[in-house]
1. Starting from the Cα-Cα distance between E75 and K208, subtract it from 0.36 nm times their residue separation and give me the gain in nm to one decimal.
2. Could you rank the peptides 60-71, 209-220, 89-100, 138-149 by their average count of other C-beta atoms within 10 Å per residue, with the highest value first?
3. Write down the radius of gyration of the stretch 150-201 and its Dmax, each obtained from C-alpha positions, in Å.
4. Need one number: the % of Cα-Cα pairs in the stretch 102-202 sitting beyond the 25 Å mark.
5. Taking H placed 1.01 Å from N in the peptide plane, check which residues at least 5 places from F254 or on another chain put their amide H under 5 Å from its amide H.
6. Kindly write out, for the stretch 160-168 in residue order, the coupling ³J(HN,Hα) from the Karplus curve 6.51 cos²θ - 1.76 cosθ + 1.60 (θ = phi - 60°), rounded to whole Hz, with x marking Gly and Pro.
7. Using alpha-carbon positions, what is the distance between the centroids of the stretch 295-323 and the stretch 42-108, in Å?
8. Over 32 Å between C-alpha atoms is what I'm after, so list which of K103/K136; K208/K322; K192/K239 land there.
Amino acid sequence: MKKKFLSISFVILLITGSISLVFAWGSWGHKHISRASVFALPKGMQEFYYNHIDFITENAVVPDLRRGLLNDRNEGPRHYIDIEDFGNIPLSSFPKTTKEVYKKYDSSFLNRTGYLPWYIQNITEKLTLAFKKRNKSEILFLSAELSHYVADAHMPLHTSSNHDGQLTNQKGVHALWESTLPQMFGDAYNFKTEQAKYINDIPAETWKIIAQSHSLVDTLLAIEKKVRNSFTDDNRYKKDSAGKPVMFYNSPVFSDEYAMQFNKALGGMVEQQLRLSIYDVACFWFTAWVNGGSPNLLSLDDPHLTKQNRKNYRRELGAWKKGKLLNLSIERE
Ligand SMILES: [Zn+2]
């Protein structure tokens, strides 16, 4: 497993997150969410996670790299669930657990609809096991992985078959919401959340997150439609010096004014979902640790490392308490 980390980390270095506009939260969002989650952990876990905070921050985007860059076919459906494709059934009737879902649906169906809520449960179980085994590299790798999928579940369009507004003539709304807006306005976000709490029922919590996220889909799309209609084809998109639309992955890039108006009309929805992600990631990590027997994590690290990091740890924790994240420089896309 260690070897795999190294090669994937190397890939990240090479491509510096440049494909992230295509996927949930983009690298800006995923990195900020996982880094902030470290500070929402209780004391007993926090310093260990801080010792590895850069690893966790960087590796939070790895699932999207597997999906995009490495073209791993198994990866895609882990990132979303197209609720509408299950037919007209209420969320409360969906199979709650991984065990239940495979009794009702086969994997080829789930590969089309996506199975994000069940995959979150899978990774949580694996992380719990890693804590039980006190396997440091697995704990860190799986913590970063889990942060990715929990964060994806908070992106409303990851719960809908109209995931890029393609069914309602709103193409481009996905990346605009999750990448462009946080990058443009995220410096003003408040990254401080409540401290993580223990989750009594992991499947129920997973579905609570999906339900909250899915409840925003119609509002999000209605707001975008309204803003879209208040612009013309001429001023909706960015133009180059020759007056031609700027393209990214075969899609025209929205103008700054358009992004600004959409952000204003959303009234804080992106920041709210990002903050919920931070808190929930920390809750899932904490719960896996408790269920894994609450091992003494700092004993897995060289005491010199902990000592060396202490000054920076206190500084970053202090900044987070004021809502800020330090030491996170991210390339603009
Ligand atoms: Zn993703």
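The values are calculated or read from the model by the stated rules, or taken from the named source; none is laboratory data. Source: prediction; values computed, not measured. Neighbour counts run over all protein chains shown; Cβ positions are idealised from the backbone, glycine included. Just the protein is used for accessible areas: all its heavy atoms, side chains included, with ligands, DNA and RNA removed. Shrake-Rupley method; radii C 1.70, N 1.55, O 1.52, S 1.80 Å.
1. Working it through step by step, the gained length comes to 45.6 nm.
2. Highest mean packing first, the order is 138-149, 60-71, 209-220, 89-100.
3. 14.6, 42
4. Here the tail beyond 25 Å accounts for 40 percent of pairs.
5. Residues meeting the amide H criterion: K238.
6. 9, 6, 8, 5, 10, x, 5, 8, 10
7. One Cα centre to the other: 28 Å.
8. Working: K103/K136 34 Å; K208/K322 28 Å; K192/K239 37 Å.
From K103/K136; K208/K322; K192/K239, over 32 Å: K103/K136; K192/K239.
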